[in-house]
Every structure is written in C-alpha cells, then in structure tokens.
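The values are calculated or read from the model by the stated rules, or taken from the named source; none is laboratory data. None of these values were measured; they are calculated from a predicted model. Here the Cβ is made from the backbone with ideal geometry for all residues, glycine too, and neighbour counts use every protein chain on show.
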Amino acid sequence: GQGTSGRLLADRHRGHVERFTDYVDDLQQLWQRELLAHPYRQRFLLAHSMGGAISALFLARRPRGLTAAALCAPMTGIRLPLPRWLARPILAWAGRREVRRTRYALGTGYWRPLPFMVNELTHSRVRYRRFLRYYSDYPQLQVGGPTYHWVAESLAAAELAIANASQITVPLLLLQAAEDRVVDNASHLRFCQALTAAGNAPWGGAPLVITGARHEILFERDSQRAAALTAIMRFFAQFTESSAPTAANSS
C-alpha cells in the first residue's frame, strides 16, 4: 500500500505516480535527514514488494551508513494478467492519452474487501481478516488498483532494478514467496545473478524460498512467517557481532 502518503489524484483509490524515481528520492531524503542524523552503530533496511523495488534502486545509489538489507518478495518483476507483448502496446497507447493514463489499469478498480477464498496475498485467514479490519478502521490507508501510468513506470523500474543490481555493494538477503501471484519470481533469479556477477552474491547465493507462502510473506501462516522472520533476524544478527561474515561463506 501507500501508507498515509499523499494521493496524487482526486480518486484517492487510484495508485499513481508520475515518476517511480520519486519514491526512491523520498527514501533517500528520509535516509539522509532522519537515519544518518543519529549516531546508530548499524542501520538495517527491511522492505517488501514495491518497497523492495524502491529499496533496490536506492541501494544502487550506494547510500552511506547502511549495514545490510533484506528484501521480501521484491517487485523486480510484475506478474501481468496479459502477455507482455500485448500489455506493452496497451500501456504505450494509454500513456499517449492524458485522459487514459491516469485511469485504472485493465482489470483493476477501487479498493474493496475481497473474500478470503479469492485473495492472492496470504493463506492466513486470521491475518487476512486483521488486514481488512485495519483498512476498514483507517480508510485513509486504502488504495485500489494502479493507473496505466503507474504500471508502465513500475515495469520500467523493475527492469532498472535488475540492470542496476551490479551497483549494490551492501550485504543483501532476498526472500521469495514460493506461491507468489503478484510479483514475477523469475525476476528474483535474474536480480541475484546480477548481484553475483558483480561480486556481491546475495546471502545464501540465491533467493531464499519460503515454501508454501503467498506474496505477503510477513502476514502468512505462522510456519511461513516464522521461517521468514527467523532468516531475517539471523541474517541481520551476523552484523551485530565483532566479525561479520561475507555472503560468500554464508548458508
């Protein structure tokens, strides 16, 4: 979601951005103004989905003072409802029309609570209900489908995240949901291969697959959630010790 960030359109349910790099610039401003302003011994980054794509692009800028990063189901690729050869000309057509570029992308619309049985985010009925209740209690958090322009910007950003992965120098853990229907898991392998080729292999050498998990790894069933949180904490814990091992000798 977008949290309580300002919405750019009159219809507040439309997920929209003019430039995906605006997200990255915002994160960089937060980093410089707030996190670097305090004398922390270590600074860790944990990001999910779209936040993972934003963070990957941010990491490629080589921010100072960052100890390590963990990305959960990062959006380095998007699973589209149409083949890419068909989706790309549709997005290009919509992008050339001012009235269309800010409309909901095909097959999406305003936010509404979907029944648990058709959700593609989690197997946990309890946490899914909690998610819906939270959005009901705080409607300012609600965001519906993306606009055509958001999709176009995000596809380009995902490709750029992989292209720029060679610029990332901090230790990185990538967690992958085995049953993800939102992001393209194949893109995670390309991202990790780019890291490895640049001499900064991800922790464990490849995506850490959370078996049985859907996209929202951190509010999945207890078993999948615990596996992910344990991996993240163990990864970060390496850097709170006097001698931090490298990704090459991790497992």
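Hey, could you check the range 7-53 for residues that are of a type in the set (Phe, Trp, Tyr) and buried (at least 20 other Cβ atoms within 10 Å of the Cβ) and say which is nearest to Ala105 (Cα to Cα)? Even if it seems obvious, please write down each step before you answer.
Keep residues of the range 7-53 that are of a type in the set (Phe, Trp, Tyr), which gives 20, 23, 31, 40, 44.
Applying the additional criterion that residues be buried (at least 20 other Cβ atoms within 10 Å of the Cβ) yields 20, 23.
Values: Phe20: 16, Tyr23: 20 Å.
Ranking the candidates gives Phe20 first.
Being under 16 Å from the mean Cα position of the chain (by Cα) and of a type in the set (Gly, Ala, Ser) narrows it down to one of Ala165, Ala194, so name that one.
Details: Ala194 fails: under 16 Å from the mean Cα position of the chain (by Cα).
Criteria check complete, one pass: Ala165.
When you look at Thr67, is it farther than 28 Å from Arg101 by Cβ and surrounded by 13 or more Cβ atoms within 10 Å (Cβ to Cβ), yes or no? Here the answer is yes, as Thr67 does meet what is asked. Residue selection: Leu57 satisfies the criterion of being buried (at least 18 other Cβ atoms within 10 Å of the Cβ), assigned to a helix (DSSP H, G or I) and at pLDDT 95 or above.
Can you tell me which residue among Arg225, Arg190, Arg133, Arg129 is among the basic types (Lys, Arg), farther than 16 Å from Cys72 by Cα and in contact with a helix residue (DSSP H, G or I) (Cβ under 8 Å, 6 or more places away or on another chain)? Show your work before the answer.
Numbers: Arg225 fails: farther than 16 Å from Cys72 by Cα; Arg190 fails: farther than 16 Å from Cys72 by Cα; Arg133 fails: in contact with a helix residue (DSSP H, G or I) (Cβ under 8 Å, 6 or more places away or on another chain).
Selected residue: Arg129, the only one of Arg225, Arg190, Arg133, Arg129 that is among the basic types (Lys, Arg), farther than 16 Å from Cys72 by Cα and in contact with a helix residue (DSSP H, G or I) (Cβ under 8 Å, 6 or more places away or on another chain).
Yes/no matrix, rows are residues, columns are (1) surrounded by fewer than 16 Cβ atoms within 10 Å (Cβ to Cβ); (2) aromatic (Phe, Trp, Tyr); (3) in a helix (DSSP H, G or I); (4) free of Cβ contacts under 8 Å to residues at least 60 places away in the same chain:
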| site | (1), (2), (3), (4) |
| --- | --- |
| Thr108 | no, no, no, yes |
| Leu121 | no, no, no, no |
| His149 | no, no, yes, no |
| Ala157 | no, no, yes, no |
| Thr169 | yes, no, no, no |
| Leu174 | no, no, no, no |
| Arg181 | yes, no, no, no |
| His188 | no, no, yes, no |
| Phe191 | no, yes, yes, no |
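Within the range 80-94, identify whether any single residue is at pLDDT 90 or above, within 23 Å of Val183 (Cα to Cα) and in a loop (DSSP other than H, G, I, E, B), and answer yes or no. Scanning the range 80-94, I find at least one residue that is at pLDDT 90 or above, within 23 Å of Val183 (Cα to Cα) and in a loop (DSSP other than H, G, I, E, B), so the answer is yes. Whether a residue is part of a helix (DSSP H, G or I), crowded, with 17+ Cβ neighbours inside 10 Å and of a type in the set (Ser, Thr, Tyr) was assessed, and Ser223 does not pass this test.
Note on the range 193-216: residues that are of a type in the set (A, V, I, L, M, F, W, C) and touching a residue at least 60 places away in the same chain (Cβ under 8 Å) total 1. Cβ-Cβ contacts under 9 Å between residues 6 or more apart (or on different chains), taken from a first residue in the range 123-141 that is touching a residue at least 12 places away in the same chain (Cβ under 8 Å) and loosely packed, with under 11 Cβ neighbours inside 10 Å to a second residue that is outside any helix (DSSP H, G or I) and not hydroxyl-bearing (Ser, Thr, Tyr), are absent. The single condition among (1) in contact with a helix residue (DSSP H, G or I) (Cβ under 7 Å, 6 or more places away or on another chain); (2) hydroxyl-bearing (Ser, Thr, Tyr); (3) within 28 Å of Val209 (Cα to Cα) that Thr102 does not satisfy is (3).
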